[in-house]
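The values are calculated or read from the model by the stated rules, or taken from the named source; none is laboratory data. Values in this document were obtained by computation on a predicted structure and should not be read as measured data. Neighbour counts run over all protein chains shown; Cβ positions are idealised from the backbone, glycine included. Just so you know, the surface numbers come from the protein's heavy atoms only, side chains and all, with ligands and any DNA or RNA stripped out. Shrake-Rupley method; radii C 1.70, N 1.55, O 1.52, S 1.80 Å.
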Amino acid sequence: MRNILLAVGRALRSLGRKGVFVHLVWPSVAALVVWMTVAVLSWSTLVDAIVHWIQGWAFVGEWLATTDLGAAATLVVVKIALALAFLPLIYVTAALLVAVFALPMMLEQVAQRDYGDLEQRRGGSNLGSAWNALVAGGLFLLGMLVSLPLWLIPGAGLVASVVLTGWLNQRAFGYDALMLHADREELLRLPRIQKAPMLLLGGGCALLAYVPVVNLVAPAFCGLAFVHFMLEALRRERAERGVTILEPLPAPLARE
């Protein structure tokens, strides 16, 4: 827990640095515009389709057909569940944009300032980052589809969403945070060693998706926290193995 809090504190400190803050907002704004457009254009169709699907359930469909109160209550629950279901979709879209585009740019700024003593072994690549993000996003959406019935149970859908989003965070951002500094072996080994704290950090960040205003920067802030967490873990792991830590590069001398 101490290492997680340390990473979050450093991420907060990094927000004021030049070239970092701008990447916090635009991924969420882009994702919000996309999914709000989808919601407006398809809301009635989606609600009707879900209600029709529920009416096909054994016993439930018969009960809805015989009571107006049940039908009205079901319609309200479906609309609330559908609105809440859009939140993780907005988050995952923003998270993928962060993983593929924003985080690599923030990584260079943060690593140069805070982790200049770490040798860059470049075990990952931008192509690997994009592929990892697409796989993580695909598995997340599959998990969301499987968990759809849980959204009709108060609270169950929210718990499933947080768990899935926490998994997405550690899968997508764990690779990006290490791709410049870790070699291929470290890139595979370190996430396995840090699996539990990564899931905890990812789950904590997932909760931010449900906090108004804060959710606009939640995906990028989560990526930034993972950069600090994973690079500090790499620094400790190399020190424990007796790997020489580089001296930070000196600032370039001003020309006379």
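Kindly indicate whether F101 is modelled with pLDDT under 85 and either assigned to a helix (DSSP H, G or I) or open to solvent by 30 Å² or more (accessible area, probe 1.4 Å) (or both).
no
If a residue has to be at pLDDT below 80 and open to solvent by 60 Å² or more (accessible area, probe 1.4 Å) to count, how many in segment 78-91 make the cut?
Total meeting the criteria: 1.
Could you please give the count of residues in segment 215-256 that are of a type outside the set (K, R) and either out of contact with any helix residue (DSSP H, G or I) (no Cβ under 7 Å at 6 or more places or on another chain) or at pLDDT below 85 (or both)?
Summing the residues that are of a type outside the set (K, R) and either out of contact with any helix residue (DSSP H, G or I) (no Cβ under 7 Å at 6 or more places or on another chain) or at pLDDT below 85 (or both) in segment 215-256 gives 18.
Which of the residues that make up segment 153-208 are hydrophobic (A, V, I, L, M, F, W, C), in contact (Cβ under 8 Å) with a residue 40 or more places away in the chain, farther than 27 Å from L118 by Cβ and open to solvent by less than 50 Å² (accessible area, probe 1.4 Å)?
V162, L164, A206
Name, by its number, the condition in (1) modelled with pLDDT of 90 or more; (2) more than 14 Å from the chain's Cα centre (by Cα) that does not hold for L168.
(2)
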